[in-house]
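Read-outs: derived from the displayed coordinates by stated rules, not from any lab. Keep in mind that what you see is a predicted model, and the values were worked out from it rather than measured. Note: ideal-geometry Cβ built from the backbone for every residue, glycine included; neighbour counts use all protein chains shown.
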Amino acid sequence: MSGTGRDPCPDENVKKTIDELAVRTSEYGNVLADAGEGDSASSRKHALLKGLRDLLSKQTLRTM
């Protein structure tokens, strides 16, 4: 499809996107699992917020 302006390998882009989502889903699952191990609601909330903040900063660095 030369000259259409389309990406020549859309299947590769879809696979890459699915792989990235799988990694992020796993990372968020780990954060939730860690947060669920706290002794109190306060410690679970703190662990969840810290984990999410760490993930967001890591994802921001990935996109730069």
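Things to note:
- For residue 44, net neighbour charge (Lys/Arg +1, Asp/Glu -1) across residues whose Cβ lies under 13 Å away: -1
- The GluC sites (Glu not before Pro) found in the stretch 9-64 that occupy coil by DSSP, while having at most 12 further C-beta atoms within 10 Å, are 37.
- Candidate aspartates and glutamates for bridging to residue 16, where Cα separation is under 18 Å - those fewer than 8 sequence places away on the same chain excluded: 7, 27
- The chain: angle of helix 10-35 to the longest principal axis, Cα-based, in degrees nearest 10: 0
- For the chain, the longest principal axis of the alpha carbon atoms and the long axis of helix 41-63 meet at an angle near 20°.
- Reported label for calculated Rg and Dmax of the Cα atoms in Å given (i) 17.7, 60; (ii) 18.2, 57; (iii) 14.6, 45: (i)
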